[in-house]
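The values are calculated or read from the model by the stated rules, or taken from the named source; none is laboratory data. No experiment lies behind these values; they were computed from the predicted model shown. So basically every Cβ, Gly included, is an ideal-geometry build from the backbone, and we count neighbours across all protein chains shown.
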Amino acid sequence: MDHQDAVIALLELPATHQGHPVERIDTHTAVVFLAGDRAWKLKRAVRYDYLDFSTLELRRACCEAEVAINRLTAPTLYRGVVPVTREPDGSLALAGVGDPVEWLVEMSRFDEACLLDRLAARDGLSLDLMPKLARAVARAHEWAPRTTLHGGRAAMAWVIDGNAEGFQRFGAECLDSAACGRLTAELHRQVRHFGVLLDERRQHGLVRRCHGDLHLRNIVLLNDAPTLFDGIEFNDDLSCIDVLYDLAFLLMDLWRQLPAHANAVLNTYLAETLDFEGLTLLPLFLSCRAAVRAKTHATAASLAQSPERRAHLHEAARTYLALAQTFVQMPGPTLIAVGGWSGVGKSTVSRRLAPEVGRAPGALVLRSDEVRKQLHGVSATTPLGPEAYVEIVSRRVYATMAARTQLALQAGHSVIVDAVFGTAAERSAIERVARSAGVPFVGLWLDAPEGVMVERAQRRRDDASDADAAVIHRQVREDPGIIRWERLDASGRLDRVEAKVSDLVTGRMRRPA
């Protein structure tokens with residue numbers, strides 16, 4: 001470590017960075033130096049059970065791997081690998097002419113206030129940003145190389161065993177050993193139960209080289225675009241994982257503080273990937289991610305110097321353990337259908353209701369307007385012509401929603417279906433899906449005056465609906481048949497309508513069958 005001490009001393013000098021002040025950030029695996037418009041990462045010469053930076057060549061290889069992997073999602077941040085050299089006069093230099101004695105990752109510096117965890121902490125993380133974030137993750141997963149050498153049931157059992165070992169070794173001061181044992185046993189039971197599915201997903205290409213550490217602190221907002229960085233390069237067991245296990249870290253991180261954001265990310269991600277069958281594994285994946293956090297906080301507490309810091313980490317470890325337990329104790333699925341003419345507020349009510357329904361991170365929302373655009377191969381906001389709204393196309397849209405609903409319900413996940421449901425046949429069809437799946441059903445019909453619906457439709461911006469005033473005028477003159485669903489006045493403020501819907505749904509779910 002003596003040579004690294006000298007390198008650290010060099011990198012702490014403003015003179016090394018054209019006189020810019022230097023800010024140093026220490027972790028247990030790296031030291032980062034911020035100076036001017038650059039960031040320099042030094043990997044510590046350490047070896048743990050999950051990484052090995054103990055030799056110069058290993059550190060160089062990991063620096064090169066870090067740049068290569070992270071340029072896929074953050075090409076403007078990762079500039080390259082730079083040596084620290086021993087000059088002919090014996091001094092050290094950053095990128096000098098002598099022999100390399102250390103290797104650094106060079107990055108472009110960014111405003112740390114734009115890290116998503118910082119934005120969330122000051123209530124500055126916009127819900128409107130979540131679809132962009134979900135699409136960024138979906139694109140990263142689409143590009144990611146596939147592998148069959150990792151993942152599957154064996155990989156999840158390894159995660160659970162690692163957590164259990166960490167609980168036992170570092171959690172004695174802060175974690176209830178019996179609770180840890182119950183959680184470990186339940187997660188192993190789920191791995192055994194879903195083992196075939198876990199292995200099938202690996203064989204079908206859903207285990208890929210992912211980010212591996214996808215939480216809010218590793219995502220930054222650059223030019224209004226959520227940018228993933230600091231993906232794991234040092235251990236394939238941590239990065240070559242099921243894509244939904246990768247996503248689960250982000251969902252867990254959001255769910256504990258911003259449930260509606262977590263729900264929005266999940267819904268957009270599934271709209272992009274159509275991975276509805278994978279919902280079966282989400283409780284397992286979320287729980288494992290929270291358990292990893294419990295273990296790492298307990299581990300950090302064992303190394304903390306100040307009693308205040310140790311107490312803070314102990315409390316965080318207990319919170320994450322409790323969260324891990326809730327993920328595997330969630331309620332069963334429910335199907336909710338929200339109908340009514342265009343502009344009545346169905347989509348707004350559905351989105352606001354979704355985080356409250358079913359297990360984390362809330363219900364899957366299937367909106368007919370978005371499904372119609374997907375079936376035509378266009379973005380959600382691309383207008384479609386009249387030919388996309390003929391009866392045969394609409395039948396296909398409703399059939400697709402029913403099929404996706406069935407998949408999600410079979411996976412144990414609640415669904416909210418948002419569509420006009422303007423005929424008795426359409427309403428009966430979605431009710432049959434609930435009966436077939438053996439789950440509770442709530443049908444809601446929203447009413448509002450024609451003028452209110454037209455005004456709301458005209459206020460829409462960047463929305464999937466193509467309905468205008470002419471469409472609404474035509475709809476309200478159609479005969480929807482006898483509506484047996486719960487009818488609600490949606491003419492007032494939609495947040496109040498959502499509260500009424502929430503109370504109604506909760507009451508219906510508690511009502512004995």
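With the requirement that a residue be under 9 Å from the mean Cα position of the chain (by Cα) and charged (D, E, K, R), what does segment 232-258 give you?
Of everything in segment 232-258, those that are under 9 Å from the mean Cα position of the chain (by Cα) and charged (D, E, K, R) turn out to be D246, D253.
Can you find a residue in segment 282-296 that is in the same structural domain as L244 (by TED's automatic domain parsing) and either touching a Ser or Thr at 6+ places or on another chain (Cβ under 6 Å) or free of Cβ contacts under 8 Å to residues at least 12 places away in the same chain (or both)?
no
Out of G451, G481, which single residue is in the same structural domain as A411 (by TED's automatic domain parsing), out of contact with any helix residue (DSSP H, G or I) (no Cβ under 8 Å at 6 or more places or on another chain) and either among the charged types (D, E, K, R) or not in a strand (DSSP E or B) (or both)?
Numbers: G481 fails: out of contact with any helix residue (DSSP H, G or I) (no Cβ under 8 Å at 6 or more places or on another chain).
The unique qualifying residue is G451.
Taking the criterion of being outside any strand (DSSP E or B) and surrounded by 18 or more Cβ atoms within 10 Å (Cβ to Cβ), would at least one residue in segment 84-104 satisfy it? Walk me through how you get there before you give the answer.
In the first step, residues of segment 84-104 are kept if they are outside any strand (DSSP E or B); the result is 87-91, 95-98.
Filter once more, keeping what is surrounded by 18 or more Cβ atoms within 10 Å (Cβ to Cβ): none.
No, the conditions are met nowhere in segment 84-104.
In segment 44-67, what residues are over 15 Å from L94 (Cβ atoms), touching a residue at least 40 places away in the same chain (Cβ under 8 Å) and either assigned to a strand (DSSP E or B) or under 28 Å from the mean Cα position of the chain (by Cα) (or both)?
Passing the criteria: Y50, L51, D52, C62, A65, E66.
Could you tell me how many of the residues in segment 160-194 are surrounded by 14 or more Cβ atoms within 10 Å (Cβ to Cβ), farther than 18 Å from A290 by Cα and more than 23 Å from the chain's Cα centre (by Cα)?
Of the residues in segment 160-194, 0 are surrounded by 14 or more Cβ atoms within 10 Å (Cβ to Cβ), farther than 18 Å from A290 by Cα and more than 23 Å from the chain's Cα centre (by Cα).
Among the residues of segment 305-338, write down those that are surrounded by 24 or more Cβ atoms within 10 Å (Cβ to Cβ) and more than 18 Å from A290 (Cβ to Cβ).
P333, L335, I336, A337, V338, listed by residue number.
If you take the residues in segment 105-141 that are assigned to a loop (DSSP other than H, G, I, E, B) and not charged (D, E, K, R), which one is farthest from L197 (Cα to Cα)? Step through it out loud before you land on a result.
Within segment 105-141, the first condition is being assigned to a loop (DSSP other than H, G, I, E, B), and the residues that meet it are 109-111, 122-126.
Pick out the ones that are also not charged (D, E, K, R) and you get 110, 124-126.
On the way: F110: 41, G124: 38, L125: 35, S126: 35 Å.
Checking each candidate, the answer is F110.
Can you tell me which residue among R256, R208, R217 is of a type outside the set (V, I, T) and closer than 24 Å to T148 by Cβ?
R208
Looking only at segment 137-160, which residues are hydroxyl-bearing (S, T, Y) and closer than 16 Å to G212 by Cβ?
Within segment 137-160, just T147 meets the criteria.
Restricting to segment 95-132, name every residue that is without any contact (Cβ under 8 Å) to a residue 60 or more places away in the chain, at negative phi and aliphatic (A, V, I, L, M).
V97, A113, A121
Is segment 303-317 home to any residue that is under 28 Å from A68 (Cα atoms) and either among the β-branched types (V, I, T) or assigned to a helix (DSSP H, G or I) (or both)?
Among the residues of segment 303-317, not one is under 28 Å from A68 (Cα atoms) and either among the β-branched types (V, I, T) or assigned to a helix (DSSP H, G or I) (or both), which makes the answer no.
Picking from R44, R38, which residue would you name as being within 19 Å of C63 (Cα to Cα), modelled with pLDDT under 95 and not assigned by TED's automatic domain parsing to the domain that holds L238?
Of the residues listed, the single one that is within 19 Å of C63 (Cα to Cα), modelled with pLDDT under 95 and not assigned by TED's automatic domain parsing to the domain that holds L238 is R44.
Please tell me if D462 is modelled with pLDDT of 90 or more, outside any helix (DSSP H, G or I) and in the same structural domain as E356 (by TED's automatic domain parsing).
Considered against the rule, which asks whether it is modelled with pLDDT of 90 or more, outside any helix (DSSP H, G or I) and in the same structural domain as E356 (by TED's automatic domain parsing), D462 comes out as no.
What is the number of the single condition among (1) at pLDDT 95 or above; (2) not in a helix (DSSP H, G or I); (3) not β-branched (V, I, T) that Y398 does not meet?
(2)
Among the residues of segment 361-371, write down those that are crowded, with 24+ Cβ neighbours inside 10 Å and over 15 Å from L274 (Cβ atoms).
Of everything in segment 361-371, those that are crowded, with 24+ Cβ neighbours inside 10 Å and over 15 Å from L274 (Cβ atoms) turn out to be P361, G362, A363.
Do we have H261 as under 14 Å from the mean Cα position of the chain (by Cα), part of a loop (DSSP other than H, G, I, E, B) and on the phi < 0 side of the Ramachandran plot here?
No: the conditions fail for H261.
Looking for something assigned to a loop (DSSP other than H, G, I, E, B) and closer than 22 Å to E277 by Cα - is there at least one such residue anywhere in segment 372-392?
Checked against the condition, which is being assigned to a loop (DSSP other than H, G, I, E, B) and closer than 22 Å to E277 by Cα, segment 372-392 yields at least one hit.
With the checklist (1) touching a strand residue (DSSP E or B) at 6+ places or on another chain (Cβ under 6 Å); (2) in contact (Cβ under 8 Å) with a residue 60 or more places away in the chain; (3) within 29 Å of A304 (Cβ to Cβ) in hand, flag the one item I25 doesn't pass.
Of everything listed in (1) touching a strand residue (DSSP E or B) at 6+ places or on another chain (Cβ under 6 Å); (2) in contact (Cβ under 8 Å) with a residue 60 or more places away in the chain; (3) within 29 Å of A304 (Cβ to Cβ), I25 misses just condition (2).
Kindly indicate which of R79, R122, R118, R109 is farther than 24 Å from G278 by Cα and more than 26 Å from the chain's Cα centre (by Cα).
R79
Every residue in segment 387-412 that is within 23 Å of the chain's Cα centre (by Cα) and of a type in the set (V, I, T), please.
Once the filter is applied, which keeps residues that are within 23 Å of the chain's Cα centre (by Cα) and of a type in the set (V, I, T), segment 387-412 yields only T405.
Please return the ranges of strands (runs of 3 or more DSSP E) entirely within segment 142-255 where 2 or more residues are farther than 13 Å from F285 by Cα and modelled with pLDDT of 95 or more.
It comes to 207-209, 219-222, 225-228.
So which pairs qualify, if the first residue must be in segment 377-404 and closer than 26 Å to L335 by Cβ and assigned by TED's automatic domain parsing to the domain that holds L366, the second must be surrounded by fewer than 13 Cβ atoms within 10 Å (Cβ to Cβ) and aliphatic (A, V, I, L, M), the Cβ gap must be under 8 Å, and the two must be at least 6 apart or on different chains?
Sorted first by the residue in segment 377-404, then by its partner, the pairs are R404/L274.
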